[in-house]
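To start, the structure itself, in structure tokens.
The values are calculated or read from the model by the stated rules, or taken from the named source; none is laboratory data. Since the structure is predicted, the reported quantities are computational estimates derived from the model, not experimental observations. Please note: Cβ atoms are built from the backbone with ideal geometry, for glycine as well, and neighbour counts cover all protein chains shown. These area figures cover heavy atoms from the full protein model, side chains too; ligands, DNA and RNA do not enter into them. Shrake-Rupley method; radii C 1.70, N 1.55, O 1.52, S 1.80 Å.
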Amino acid sequence: MDSPKRLARTAGLFYLIVAILGGFAQIVRLDVFAPGDAATTVANVVANASLVRMSFVADLTQATFLLFVVMCLYRLLQHVNKGVARAMVLFVVVAVAIICLNMLHQLGGLLVATDPSYAGAFGPEGSPALVLLLFDLQHSGYLIAQIFFGLWLFPLGLLAYRSGMFPRPLAVTLMVATVFYLLDVALQFLAPELAGLVNPLVVVVATVSEVSMLAYLLIKGVRTLPADHALAT
């Protein structure tokens with residue numbers, strides 16, 4: 001059997017890979033995507049085609065490692081409540097599936113912007129508009145994936161809270177992050193202007209909760225449990 005600390009630190013290592021690659025992909029997207037400006041978006045994609053392609057691979061890789069994260073956490077926490085642990089895994093699987101399929105929009109935008117055979121087919125006016133549409137769809141696709149990426153943090157926080165293997169304030173912040181993630185998605189689609197005001201707070205709450213969990217997994221692993229609890233586990 002894997003020891004709890006080893007499982008936790010393995011999950012932390014995989015989570016770190018998710019954070020690094022996901023952060024890189026997000027930075028590239030923010031640099032090249034100019035909402036509402038087709039010409040600038042195309043120019044950015046063409047000028048940074050290699051980076052856009054690298055971010056495509058990085059996003060697929062981080063999504064795969066997110067599955068490894070939840071597999072480790074499932075083994076670590078399933079003894080607390082198998083139903084909740086399975087819900088945690090299910091939410092991650094759905095989020096990863098959406099993220100991977102959504103990457104086709106970025107790949108399509110890259111191909112239309114950089115491949116003359118595609119750009120020529122849609123014409124000088126049609127191709128920039130199509131590139132912008134594809135990146136708009138990718139942005140919306142990430143918001144949809146964010147629903148499930150937020151939802152998986154709630155069962156994780158609940159399991160962490162009940163297990164006694166993690167500090168309870170840390171577990172609570174994970175559950176609170178779920179609320180902020182879902183609120184952000186709703187506002188992005190229903191009230192974009194209000195979402196722009198709320199989004200910085202969402203970023204802060206999500207970053208604090210997830211980075212804290214990542215750091216705890218890597219550095220501490222889990223709390224040392226009493227001998228009778230460890231035997232029961």
Candidates PHE149, PHE135, filtered to the one that is within 24 Å of LEU13 (Cβ to Cβ) and not small (Gly, Ala, Ser):
PHE149
Going by the conditions given, is PHE135 under 23 Å from PRO35 (Cα atoms), surrounded by 16 or more Cβ atoms within 10 Å (Cβ to Cβ), touching a residue at least 60 places away in the same chain (Cβ under 8 Å) and touching a Phe, Trp or Tyr at 6+ places or on another chain (Cβ under 6 Å)?
yes
Here is a list of conditions, (1) without any contact (Cβ under 8 Å) to a residue 24 or more places away in the chain; (2) under 18 Å from ALA145 (Cα atoms), and LEU21 meets all of them except one; can you say which number that is?
(1)
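Could you grab me the full set of residues in the range 88-116 that are among the polar types (S, T, N, Q) and either without any contact (Cβ under 8 Å) to a residue 60 or more places away in the chain or open to solvent by 30 Å² or more (accessible area, probe 1.4 Å) (or both)? Quick ask: steps written out before the conclusion?
Step one: of the range 88-116, the residues among the polar types (S, T, N, Q) are 102, 106, 114.
ASN102, THR114, listed by residue number.
Results for (1) surrounded by fewer than 16 Cβ atoms within 10 Å (Cβ to Cβ); (2) over 25 Å from LEU30 (Cβ atoms); (3) modelled with pLDDT under 95; (4) over 22 Å from the mean Cα position of the chain (by Cα), shown as yes or no for each residue.
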site	(1), (2), (3), (4)
TYR118	no, no, yes, yes
VAL172	yes, yes, no, no
ALA191	yes, no, yes, yes
PRO200	yes, no, yes, no
VAL205	no, no, yes, no
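Filter the range 1-31 down to the residues that are outside any helix (DSSP H, G or I) and of a type in the set (Lys, Arg) and list them by number. Break it down stepwise before answering.
In the first step, residues of the range 1-31 are kept if they are outside any helix (DSSP H, G or I); the result is 1-3.
Across the range 1-31, there are no qualifying residues.
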What is the one condition in (1) assigned to a helix (DSSP H, G or I); (2) among the small types (Gly, Ala, Ser); (3) closer than 19 Å to GLY108 by Cβ; (4) touching a helix residue (DSSP H, G or I) at 6+ places or on another chain (Cβ under 8 Å) that ALA34 does not satisfy?
(1)
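One line per residue, one yes/no per condition, for (1) within 26 Å of ALA11 (Cβ to Cβ); (2) surrounded by 15 or more Cβ atoms within 10 Å (Cβ to Cβ); (3) of a type outside the set (A, V, I, L, M, F, W, C):
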position: ALA34; (1), (2), (3): no, yes, no
position: ALA38; (1), (2), (3): no, yes, no
position: ALA47; (1), (2), (3): no, no, no
position: ASP59; (1), (2), (3): yes, yes, yes
position: ARG86; (1), (2), (3): yes, no, yes
Here are the criteria: (1) open to solvent by 60 Å² or more (accessible area, probe 1.4 Å); (2) touching a residue at least 12 places away in the same chain (Cβ under 8 Å). Tell me which single one GLY141 does not satisfy.
(1)
